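Read through the structure below, which is laid out as structure tokens, and then see the notes.
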Amino acid sequence: MLTVFPKKTKRKLRKSNKEFSRGLAIPFVLVFGAILAMILTSLMGYVAYRYDQSVRQIAKSNSLQAAEAGLNYYYWYVLHTLEGKTSAQTDAYWANTPLGIPSYQGSLKNQSGTVIAYYKIEVTPPARGSTVILVKITGWDANFPDLRREIDARLRKPSWSEYTVIANDIMRFGEGTEIWGPIFSNNGVHFDGVAHNLVSSNIPTTYYDPDYSAYKPGVWTSKPDESQVFLAGKLFPTPLKDFNKIAVDFGTTKLSSNPSQGGFYLAKLSKSSDCGYHIILETTNKFKVYKVTSCNSVYFNINKETYVNEYTMPSNGLIFIEDHLWIEGAISNKHLTVVAADTSGADPANIYLFKDINYTYDDGRDVLGLVAQNNITVTLNSNNVLNIHAALIAQSGRIGRDYYTSSDSSTYYKRNTINVTGALATNRRYGFAWTCGAGTYCSGYNIRNIIYDNNLLYYPPPFFPTGDHYSLDLWEEK
């Protein structure tokens, strides 16, 4: 049955519906407004957060740039302050309170002159006889001093112990020679062994090889497959290494060997019949000294000697012998340089090797340098297997062993193996073996292993010769 409402009743219903809808709209608007306010608040907070992060990121970048600016300033300072100074002048410089010790603070300004960042330089000076300078630079933004960036850097003068072999003469490395580490000569290089690192020469194109009476490339091999010889390649020409700069300032070094400077010094022996000194290095931080009263001038063997004394290793790591020297033994936890030189120039001193020289530690705790004014010679009666752990320099002569035949000694004229772990710098042509006829081994050491000691790259022996210019060879953010 259909019910019909009066018109008046319908109007009342419509009015009630509007009132009901209006009642619902008010809470909806409030809820929507609250949500919108929350979103806007969160958005504003996010924008503020991102803005703060962006500003802080810029400040961190400014801090790093400030640290880099501080490092560049200190590098410039070192180049202009220490370049060309003698070792004595350099020691005097570090004995004072130079820039960066204990610290130095600088600032960076914008174009209007407002300071925008700061840096602090802290320096660890080199150990006595070393050129390695350790630097820590801290940078920070002027508005965010808590956002600091630190750089660790190392400055040093390159050492002449950075090559396995560096030479100033024509070089020949025969079969049986295996070398780990870079090789360089200012003259030509004939290499028939195995080179595990780059072999380079200053020769632009070719040189005259007296062994073959012919012109040969700057670096070459007579082997048919040179890829089996030069495992890391060959390179020529490369820049000249001036051997005049390798010359140790023996006079200054001699002064540093004075006991008042922490060194050890032995004067030239007065008797013409005396041959020089014999030193035995010991792992107990001691060394024994003998006076060689009789020797063979052809075979360089010790015939007679008398005991002098046992001494403590010098605190500054320098032993200076103003005479010829035979040396052997081992060191432990010691950085040491032994120099043999006659500063009068009357009788340029040699160093003779015949027995092992060893390290106790191969991790850098032990470093030994042997510097001869003239030759470093392996004697006739040397060990059949000879181990030498050291950086060697023959300033004006050569490193090697003389040619001997069976008539000199049927026992000693041929030896088995020599192992040199360290570095060799020789002014004249080096060699521990000799070939005769059609390249046949006939004297010296049949097997020659020369291995570079990586510790010498950054920590050469004390008072060891270095290059003229400081270089920045380490940069890392802490």
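Below are the figures for this structure:
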item: Set 136/254; 254/334; 109/241; 85/355; 245/268 screened for pairs whose C-alpha atoms are more than 32 Å apart; result: 136/254; 109/241; 85/355
item: Which of 436, 275 has the fewest Cβ neighbours within 10 Å, and the rest in rising order; result: 436, 275
item: Selection from 461, 344, 393 lying farthest towards where the dipole of the stretch 165-467 points positive, charges on Cβ; result: 344
item: Signed unit charges on C-beta, dipole axis of the chain, positive-most listed residue 330, 444, 98; result: 98
item: Antiparallel %, DSSP beta bridges [both residues in the stretch 321-478], to 5; result: 10 percent
item: Convex hull (Cα only) mean projected area of the chain, reported in nm² to one decimal; result: 45.5 nm²
item: With 5 Å bins from 0: P(r) over the stretch 49-179, alpha-carbon pairs, percent; result: 2, 9, 15, 16, 12, 10, 9, 8, 6, 5, 4, 2, 1, 1, 0
item: Ranked list, fewest to most other Cβ atoms within 10 Å of each Cβ, for 477, 305; result: 477, 305
item: By average C-beta atoms within 10 angstrom, highest first, the peptides 417-424, 292-299, 443-450; result: 417-424, 443-450, 292-299
item: Relative contact order, percent, the stretch 75-172 [alpha-carbon distance under 8 Å, six or more residues apart]; result: 17 percent
item: Taking 80, 196 and counting other C-beta atoms within 10 Å, the order from fewest to most; result: 80, 196
item: Gyration tensor verdict on the stretch 229-380 (Cα atoms; rounded if a/c is under 1.5, prolate if a/b is larger than b/c, oblate otherwise); result: rounded
item: Antiparallel DSSP beta bridges within the chain, as percent of all bridges there, nearest 5; result: 40 percent
item: Rounded, prolate or oblate (a/c below 1.5 giving rounded, otherwise prolate when a/b exceeds b/c) for the stretch 195-237 by Cα gyration tensor; result: oblate
item: Mean separation of Cα contacts under 8 Å, 6 or more apart, over the residue count of the chain: relative contact order %; result: 14 percent
item: The chain - charge dipole about Cα centre, Lys and Arg +1 at Cβ, Asp and Glu -1, debye rounded to 20; result: 4140 debye
item: Ordering of 404-415, 329-340 by burial proxy (mean other Cβ atoms within 10 Å per residue, highest first); result: 329-340, 404-415
item: Partner aspartates and glutamates for residue 304 [C-alpha distance under 18 Å; skip if fewer than 8 residues away on the same chain]; result: 274, 323, 328
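All of the numbers you see were taken from the coordinates with simple rules; none came from a lab. Everything numeric here is computed off the predicted structure, so don't read it as measured data. Don't worry about glycine lacking a Cβ; one is built from the backbone with ideal geometry, like all the others, and counts go over all protein chains shown.
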